[in-house]
Each structure stands twice: as structure tokens, then as C-alpha cells.
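Working notes, beginning with the structure itself.
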Amino acid sequence: MPGRLIDGNVVSSSIRSRLTNRITKLKEKGISPCLATILVGNDPASAIYVQNKQKAAKQVGLIAQDHRLKDDLQQNELTILIDSLNNDSSVHGILVQLPLPKHINEFEIINKISPSKDVDGLTSINSGLLLHNEASLKPCTPSGIVELLDFYNIGIMSQNVIIVNRSILVGKPLALLMLERDATVTICHSKSVNLNRLLLQADIIITAVGDRSKFILKSEMVKDKAVVIDVGTNRQSGKLVGDVDFESVIEKASWITPVPGGVGPMTIAMLLSNTVTAAQNSVSPV
Ligand SMILES: NC(=O)c1ccc[n+]([C@@H]2O[C@H](COP(=O)([O-])OP(=O)(O)OC[C@H]3O[C@@H](n4cnc5c(N)ncnc54)[C@H](OP(=O)(O)O)[C@@H]3O)[C@@H](O)[C@H]2O)c1
């Protein structure tokens with residue numbers, strides 16, 4: 001029997017409808033939750049991501065500020081904008097769309113964002129809190145993956161979880177969230193050896209490579225009834241595809257996410273959720 005589909009659109013719309021209720025309650029208290037996005041430069045993929053985030057924010061009833069800056073800007077112009085948003089009490093969440101142009105120090109920029117408004121959960125403070133299981137604002141893609149698994153009652157405890165990615169955005173925070181849920185976690189990357197052997201032992205595979213010339217998850221790399229979460233995004237003849245050879249892997253997996261319509265909608269839903277949490281925390285700080 002083929003695997004069952006983990007539908008990110010279904011799960012994200014259930015999260016969004018709960019958010020609308022939380023937003024209504026905040027508005028009754030005189031707080032209008034507001035997300036400010038910052039896009040530097042003209043990268044078409046980044047522009048689409050920001051556009052989707054703006055649209056989704058407005059749909060759930062958030063106020064959405066859209067800040068666009070030229071890619072030749074100086075680092076201090078960006079920090080001035082972030083400072084002004086940090087000091088603006090009507091703004092609750094700040095998202096700087098990554099990646100930034102090469103001449104900008106991404107680490108410094110991320111850490112300019114006030115941790116209480118860091119709705120991407122990437123500042124050093126929030127990463128540290130995540131390490132201690134104390135984070136209120138968690139990175140969106142990893143927390144979206146946990147929400148997907150929970151929605152379908154897919155157990156995490158004691159499972160062998162393999163994450164093919166070690167970025168600060170996906171793999172590292174995801175490993176912490178999986179550990180928090182009592183999984184046994186292995187992180188793999190481009191220098192890992194015997195990746196196929198490790199993958200075959202996994203109960204849950206989460207892949208986020210995003211380059212099919214380097215890595216494709218094929219059915220012979222997946223054990224029977226494994227759960228497969230595909231975070232990767234690749235363009236193939238203008239079409240969006242993941243890291244997974246979907247048609248063959250679905251025959252082996254127990255559960256699988258499609259691309260598009262799997263993890264992507266969850267990343268946006270968790271961003272909106274973090275913005276509402278940040279607005280709530282501004283009234284009753286954690
Ligand atoms: N759907 C969503 O909402 C969402 C959200 C975030 C990211 N993404 C997608 O996820 C992908 C990764 O994003 P990212 O920002 O984390 O990118 P990244 O920093 O480039 O991470 C890619 C990871 O893949 C590893 N890798 C590369 N070749 C490999 C190979 N042959 N075998 C095993 N691992 C290999 C890299 O290893 P090294 O560390 O050794 O280089 C790295 O850890 C992209 O396609 C991105 O668009 C999607």
C-alpha cells in the first residue's frame with residue numbers, strides 16, 4: 001500500500017484559523033499584531049517568499065509592513081531600520097528575508113533584531129533558549145515539521161530520526177526540537193560517509209538539501225514504512241520539486257510530504273504564529 005500524504009495545506013489552515021481567534025482577542029485588548037518584513041535586493045525567489053508571507057499575514061488579520069531595500073545598501077542602513085522597528089511598539093515581529101547580499105554580515109544583522117521580535121527564532125538569544133528547551137519563538141520550518149507530525153499523530157519519541165541538513169535555519173534547530181521530543185537524532189551533511197546505510201536505519205527521514213545534482217532520496221535508501229519529510233526546494237523545468245523521488249518513495253513510506261504543499265505552507269503558518277505569540281508576550285512578557 002502506498003504511503004499516506006502529510007498535507008501541509010490542511011495543517012497550516014487549521015493553524016491559521018486558530019490564529020485568527022487569537023488575533024481577534026488581542027485586538028479586543030487594543031493590540032493589533034504587526035509583522036514587518038525586510039527584503040534586501042531583487043532576488044526573485046526571495047521576493048516571492050516575502051510576497052507570500054505578506055499575503056498570508058494579511059489574510060489572518062495581521063498588520064503587515066513591507067520594507068524593501070536596494071542590494072547595494074550599507075550594513076548600517078539596515079541596522080538603522082532594524083533599530084527603528086525594534087523601538088516601534090506597534091511592531092511585534094521582524095523578519096529579515098535570507099540570504100542577504102554577500103557584503104552584509106548576516107550574523108550581525110540577525111542579532112540586531114530584538115529577541116522579543118525575532119519571529120524567525122534565529123538570534124543567538126533565541127537559539128540559546130532553544131538549547132535549554134525554553135524558547136518562546138522557535139525557528140519556523142523546524143517547528144512546522146513538528147506540528148505536521150503531531151497533527152497526524154506520527155510518533156517522535158524513541159524514533160530514529162535522520163536529518164540531511166546542518167544549517168542554522170533547518171537542521172540544527174530541528175535536531176534540538178526532535179531531541180526535546182525524545183527522538184534519537186542523526187544529522188548528516190555533504191561530508192557524511194555511509195549516508196545510504198544511515199538512511200536505511202531511519203524511522204523518520206527529514207531531507208533539506210535543495211540541490212538534486214547533489215542528493216536525491218530514492219526508494220532504495222528508505223526502509224519500509226519510514227516517514228519522509230521533504231524540506232528541499234529545487235526548480236526543475238520551471239516546476240517546484242523536493243529532494244525526494246516522490247513517485248518511488250511513496251510506495252515504500254508510511255507517510256510522506258509532497259513538494260509543494262508539505263513543509264512550505266507550515267513555515268509561513270509558524271511565522272504568523274510566532275508573530276501573534278510575540279504580540280501576546282508584549283502584553284504579558286514570558
Ligand atoms: N519549504 C520551506 O519552507 C523551506 C524552508 C527552509 C529551507 N527550505 C529549503 O531547504 C533547502 C535547504 O535550505 P538551507 O537554507 O538549510 O540550505 P543550506 O544551508 O544550503 O543547506 C543544505 C544542506 O544540505 C547538505 N548537503 C549538500 N549536499 C549534500 C549531499 N550530497 N549529501 C548530504 N547532504 C548534503 C549541506 O551540507 P554542508 O553543510 O556540508 O554544506 C547542507 O547542510 C533549500 O532547498 C531551501 O530552499 C525550504
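Only sites in a loop by DSSP and with at most 12 other Cβ atoms within 10 Å count here; which GluC sites (Glu not before Pro) in segment 81-167 make the cut? Don't skip to the answer; put the middle values down first.
Details: sites: E106, E108, E134, E147; in loops: E134.
Within segment 81-167, the qualifying GluC sites (Glu not before Pro) (loop, at most 12 other Cβ atoms within 10 Å) are E134.
Near the amide H of R68, within less than 5 Å, lie the amide hydrogens of L39, all on another chain or at least 5 residues away, with H placed in the peptide plane. In the structure displayed, which of K102/K172; K29/K138; K29/K70; K53/K102; K25/K138; K138/K239 lie more than 32 Å apart, Cα to Cα? In this structure, K29/K70 exceed 32 Å between Cα atoms. Protection proxy ranking for 53-66, 78-91, 162-175, using the average of other Cβ atoms within 10 Å per residue and placing the highest first: 162-175, 53-66, 78-91. Between E220 and N52, full extension at 0.36 nm per residue minus the direct alpha carbon distance yields a gain of 56.9 nm. Here the Karplus curve 6.51 cos²θ - 1.76 cosθ + 1.60, taken at θ = phi - 60°, turns the phi angles of segment 169-181 into couplings of 7, 10, x, 5, x, 5, 4, 5, 5, 5, 5, 4, 9 Hz, with x standing for Gly and Pro. Using DSSP, restrict attention to beta bridges with both residues in the chain and report what percent are antiparallel, rounded to the nearest 5. Around 10 percent antiparallel, to the nearest 5. Taking amide H positions as modeled 1.01 Å from N, with prolines and chain starts lacking one, the residues under 5 Å from V119 and 5 or more places away or on another chain are I94.
Which shape class, rounded, prolate or oblate, goes with segment 30-114 when its Cα gyration tensor gives a ≥ b ≥ c as root eigenvalues, a/c under 1.5 marks rounded, and past that a/b bigger than b/c marks prolate?
In terms of gyration-tensor shape, oblate.
If every alpha-carbon in segment 134-286 counts as one equal scatterer, what log10 I(q)/I(0) does Debye give at q = 0.19 1/Å? Treating every Cα as an identical point scatterer, log10 I(q)/I(0) equals -1.17. Ignoring lysines fewer than eight residues from K27 along the same chain, the ones with Cα atoms less than 17 angstrom from its Cα are K58. 3J(HN,Hα) couplings calculated from phi for segment 206-214 with the Karplus curve 6.51 cos²θ - 1.76 cosθ + 1.60 (θ = phi - 60°) are, in sequence order, 10, 10, 8, 9, x, 8, 6, 6, 9 Hz; Gly and Pro show x.
A simple rule links phi to the HN-Hα coupling: the Karplus curve 6.51 cos²θ - 1.76 cosθ + 1.60 with θ = phi - 60°, which for segment 264-269 gives x, x, 6, 4, 5, 4 Hz, with x for Gly and Pro. Remark on V259: its backbone amide H falls under 5 Å from those of G242, a criterion applied only to residues 5 or more positions apart or on other chains, H modelled at 1.01 Å from N. With respect to the chain, whose longest principal axis is taken over its alpha-carbon atoms, helix 8-28 is tilted by about 20°.
Here, each number is a calculation from the coordinates, and none is a lab measurement. Computed from a prediction, not measured in an experiment: that's the story for all the values here. Neighbour counts run over all protein chains shown; Cβ positions are idealised from the backbone, glycine included.
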